[in-house]
Amino acid sequence: MALSDALRRKRSGSSASVAPEVADAQDSLEQRIRAHMAKGRVTVTLTDNRYTMISVRRVPKERRYEVRLHHMFADADPVITRALAHYIAENDAEASGILGDFIDGNSGHVRGRARRQPAQVIYTAGEFHDLRRVYDELNAKYFANKIDAVITWGQKNGRPRRRNSIKMGSYAVEDRLIRIHRSLDREFVPRFFVAWIVFHEMLHQVHDIRVKNGRREFHSKEFMADEAQFAQFAEAKRWERSHLDALLTY
């Protein structure tokens, strides 16, 4: 069974209705963001997610952007909607900073969050690798654009040091959030290796976590078989073995 078929079957029968007032707020915000964009179509979904305030799915060939925003942005002023437009269309670093300040200043709108807990801002553009481009290419090639997740680089952790282990990627089911370790955003790390790690995390949205002999099974035989469909799977495994020490020093 193809990966896209598995994902489609997993999600079949699910639907969600949007209250009229929420639909109106989404339409209004779409229009205000679009006013600051030279080209492209933007679709906004307002959420109450407690951890991810902004996520963007870009479809460059169609100049289409699917955006999930916390409801704190519903009544945003023109400065913020302009920053949203630049961040959505260009992944602009200055716009990202403006939005980060706005989120920090409006954290009281986030339901159930401790006051000092920082909001999650999504960073996809690394110094050497753009996670959004990697994700979009994989989504089109392997999943028929059916994966609906957020992707970001993890936090930087001070001065370089040698670690005993490294979790190169993770997938948070509740938030549909893929986080990739910053150690991979270095010049010596090839793009195909980053793509393999991203592909692995995307597969977690296709395969449910099973309980086997009282333990959770994250990587079933079916999961491993699908992972082997990655075009450079063997090459990525070889590269990992020969460069593990360098990856652990970060």
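Summary of values
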| quantity | calculated |
| --- | --- |
| Cross-chain or 6+ apart pairs with Cβ under 7 Å, region 59-85 first and charged (D, E, K, R), then not in a loop (DSSP other than H, G, I, E, B) | Arg63/Arg41; Arg64/Arg41; Glu66/Thr43; Glu66/Arg57; Arg68/Thr45; Arg68/Thr47; Arg68/Ser55 |
| Residue in region 78-90 that is surrounded by 15 or more Cβ atoms within 10 Å (Cβ to Cβ), modelled with pLDDT under 85, within 25 Å of Ala125 (Cα to Cα) and among the small types (Gly, Ala, Ser) present | no |
| Filter result for the condition that a residue is hydrophobic (A, V, I, L, M, F, W, C), more than 15 Å from the chain's Cα centre (by Cα) and modelled with pLDDT of 90 or more, over Val189, Val134, Val194 | Val189 |
| Single unsatisfied condition, Arg63 versus (1) more than 20 Å from the chain's Cα centre (by Cα); (2) under 30 Å from Lys141 (Cβ atoms) | (1) |
| Flag if Ala114 is modelled with pLDDT under 80 and surrounded by fewer than 19 Cβ atoms within 10 Å (Cβ to Cβ) | yes |
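Yes or no, residue by residue, for (1) buried (at least 18 other Cβ atoms within 10 Å of the Cβ); (2) of a type outside the set (Lys, Arg); (3) at pLDDT below 85:
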site	(1), (2), (3)
Asn139	yes, yes, no
Phe143	yes, yes, no
Met202	yes, yes, no
Ile209	no, yes, yes
Ala228	no, yes, no
Ala234	no, yes, no
Arg238	no, no, no
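The values are calculated or read from the model by the stated rules, or taken from the named source; none is laboratory data. Since we're looking at a predicted model, the values are computed, not measured. Using ideal geometry, Cβ is built from the backbone for each residue, glycine included, and neighbour counts are taken over all protein chains shown.
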